[in-house]
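The values are calculated or read from the model by the stated rules, or taken from the named source; none is laboratory data. Quantities reported herein were computed from a predicted structural model and do not represent experimental measurements. Here the Cβ positions follow ideal geometry from the backbone for every residue, glycine too, while neighbour counts run over all protein chains shown. We work out accessible area using only protein heavy atoms, side chains counted, and drop any ligands, DNA or RNA first. Shrake-Rupley method; radii C 1.70, N 1.55, O 1.52, S 1.80 Å.
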Amino acid sequence: MMRVLLVALALVAVGAFAEPIKFVRHKITGDKEFLKKQTELLQLYHHIHEPVHDPELHSISVTWTFQNTRACHGVNETALNIYADLMKTGRILPRGVPFAVYQPQQQFEAVTLFNLLYSITEYDKLYKTVVYLRDRINEGLFVYVLGVVTLNHPLTQGIVLPPIYEVFPSFFHTGEVMTAAQRFSAHGPRMLENYPNTYLWEDNFVIKWNETTWPYYYKNFLISYFTNDYQLNTAYYNHHVSNPFWLSSTSGPLSKYRRGEYFWYLHKQIMTRYYMERLSNGLGEIPDLDYNTVEQGYTSGLLYHNGIPFPSRPNHFSVDQPMFVDYMNRIKDVESRIRAAIDLGYVLGTNGERIDIRNVDSFDLFGRLIEANVDSPNPQFYHDFIGLWKTVLGNSLVPSQRYINGHVPLVVPSVLENYQTALRDPAFYMIWKRVMKLFNMWSSYLPRYKHEDLAVPSVKIEKVEVDKLVTYFENVFVNVSNHVYTTSEQTNIKTGDVKVLVQQAVLNHKPFEIRMHVKSNVAKNVVVRYFLAPKYDGNGVEIPLHLNTHNFFQLDQFTYELPAGECVIKRQSNENIYMVDGWRTFTQVYQRALDAYNGKRDFVLDGSEFFIGYPRRLLLPKGRVGGMPFVLMAYIHEYVAPKDPYGTGLNPKNVFGLGTGSRRMTNYPLGFPLDRPLGQWQVDNLENMHIQDVNIFHKPIPEMKYPFQLLSSRA
């Protein structure tokens, strides 16, 4: 069945140019092997903080051993022996404490476990080994490694992972919310009268929450609806699980073409959206980060599942403290080395060789160097200064001096050091503003695009029409039941739990259409891109194009077969294949796969829930009630096929993002032509580029008549 699916997808890829690339829905009913894997693996996430309750899983857990795993052909004996020894001697991270992939010993444990699981070539042995580990190792490490293995292992391609905000709700909701959830689950409706912001809806306990009005926050948290958005933070976490910094793209299972460039592009997109959200709320420029004092403190209100609070940072936080001296010296050294490399035009390889970074193909290399991932040209010399900044500004150093069994460091990572929470802290954007200056400094040495590089002869954009752009807040309901401890009646995944939902307001926008009127003398295949940028900076001064280049957010990109003559290219705001409306819930995926296995319905597998997709409802910044001006750029350029054909890799096309399929639509740089500084003089005579002003209007909730969206029942 899956071979037939792969062939069908390959045929779709060949003929994809008749119209913009779209996802195709594939119904899986007869492939019982795949459906069995989907339901089996999902069960392992059910109430992850508790032992497995299913009798069959419990039986496997108590009877399976590493000796059974050793019998698997091709198993990595070194990884198996090391991990078995770690378990035997009590040097693994125990359950119930925070997991931090940045901590060296914990990272070593995670990588060793991945190498072990990835080497198992028989699914039955892989599954039973995972079940054996489920109740014996740290739950945070377990979920992290199982996610990376599932996305990259040939035996688990296409398996849908549950959204991390359902697996670990405490990373997305404050301790106040999680405490109320636990009380409701334990005591039932009689507790409602003690909590004015709660109510009972059918069989669900609902906790109302507003991210922007929590009284324990420091001031200027007007944009917490964006930084704390559960889908945005999930997408950022999914990116890392799909692209672990410790997993090679050359010698390992990954098919990650130009991962360094994508690392830059991901953060550029996030930074531009954050900047526009600040401007929409009158917060001005992103503060600069230096080696002295960080004025803005941060308290997340989050608690780890064991009750330990996330570290906080006070206002007027000084990084010039004795405990930070070593960290700051290392940060200064690395940043100095990178700036020197940019000025010199080369970086030093591990053997002292000079590697050119002044050519147009060095974007990927420079991005790998900045991330200091395993594919960096010299990760020891240009090591992870971003991680050091996160440790310092997260104020999480003191607990790292405590140990479990004298071997395993007991750390309490800050929100900056967890991928699923990093975007919540304003310091994240201060760090990345500093990092982006390095990228901009490097790109300033690249040759400017010439007219012939940007122009498409015979193609002219005559005008662009855009529907009225309107944003608003709507209420959604997020299930946090996986966090609470179960009673004996609630342990069966097939009957479900008592549902505790959190109601919160999230930013969304009305659907809109962009209509581009184009005239072409010849028929040709092209790529269309739309970008959005602020028109004015935090001081109300209009930003010229050459200074605004790094502020453009790419709204969309799609292929198009441009006919000869005049045409109108229509594009809906919900057609971007790199964005998602959301991810199916744990219950939805499990029940649909189980029903399909029993022949009751189809299990649909497609790319509409792109694993690392950006939330579609956050496409537009909030804007203002009376309208806020932005700059819209429309650009057409000729199609050039990417080096790695679209959709290739371990995972088939149209479900890419669940695995390691290639995601590149063209061979142009990401964000082209705004990947380098672009001056007004370069675009003045470009007929295939169109720039105009647009206004974004924000409507308060009472003025919008939209029904609530219930995540747990989305089709």
Yes/no for SER458 being surrounded by 17 or more Cβ atoms within 10 Å (Cβ to Cβ) and either at pLDDT 95 or above or not aromatic (Phe, Trp, Tyr) (or both): no
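Determine if the range 39-47 includes at least one residue that is open to solvent by 50 Å² or more (accessible area, probe 1.4 Å), of a type outside the set (S, T, N, Q) and over 30 Å from PRO309 (Cα atoms).
Looking for residues that are open to solvent by 50 Å² or more (accessible area, probe 1.4 Å), of a type outside the set (S, T, N, Q) and over 30 Å from PRO309 (Cα atoms), one finds none in the range 39-47, hence no.
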Lone qualifier among TYR578, TYR590 - being in contact with a helix residue (DSSP H, G or I) (Cβ under 6 Å, 6 or more places away or on another chain) and touching a residue at least 12 places away in the same chain (Cβ under 8 Å): TYR590
Count - residues of the range 566-582 that are at pLDDT 95 or above, farther than 15 Å from PRO511 by Cβ and either open to solvent by 50 Å² or more (accessible area, probe 1.4 Å) or not aliphatic (A, V, I, L, M) (or both): 3
Filtered residues of the range 392-404 (kept if open to solvent by 20 Å² or more (accessible area, probe 1.4 Å) and at pLDDT 75 or above): ASN395, TYR403, ILE404
Among residues of the range 160-192, those that are acidic (Asp, Glu), over 21 Å from the mean Cα position of the chain (by Cα) and crowded, with 23+ Cβ neighbours inside 10 Å, counted: 0
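Answer with yes or no whether THR293 is more than 27 Å from PRO244 (Cα to Cα), within 24 Å of the chain's Cα centre (by Cα) and open to solvent by 20 Å² or more (accessible area, probe 1.4 Å).
No: the conditions fail for THR293.
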Boolean, SER414 is of a type in the set (Ser, Thr, Tyr), buried (at least 23 other Cβ atoms within 10 Å of the Cβ) and in contact (Cβ under 8 Å) with a residue 12 or more places away in the chain: yes
Options TYR472, TYR485, TYR429, TYR445: the member that is under 30 Å from SER318 (Cα atoms) and hydroxyl-bearing (Ser, Thr, Tyr): TYR429
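I'm trying to understand the selection: among the residues of the range 567-596, which are part of a loop (DSSP other than H, G, I, E, B) and not β-branched (Val, Ile, Thr)?
SER573, ASN574, GLU575, ASN576, TYR578, ASP581, GLY582, TRP583, ARG584
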Search result, residues across the range 536-559 that are open to solvent by 10 Å² or more (accessible area, probe 1.4 Å) and over 22 Å from TYR614 (Cα atoms): TYR536, ASP537, GLY538, ASN539, GLY540, VAL541, GLU542, ILE543, PRO544, LEU545, HIS546, LEU547
Residue satisfying condition, being open to solvent by less than 10 Å² (accessible area, probe 1.4 Å) and more than 30 Å from ASN482 (Cβ to Cβ), within set ALA533, ALA596: ALA533
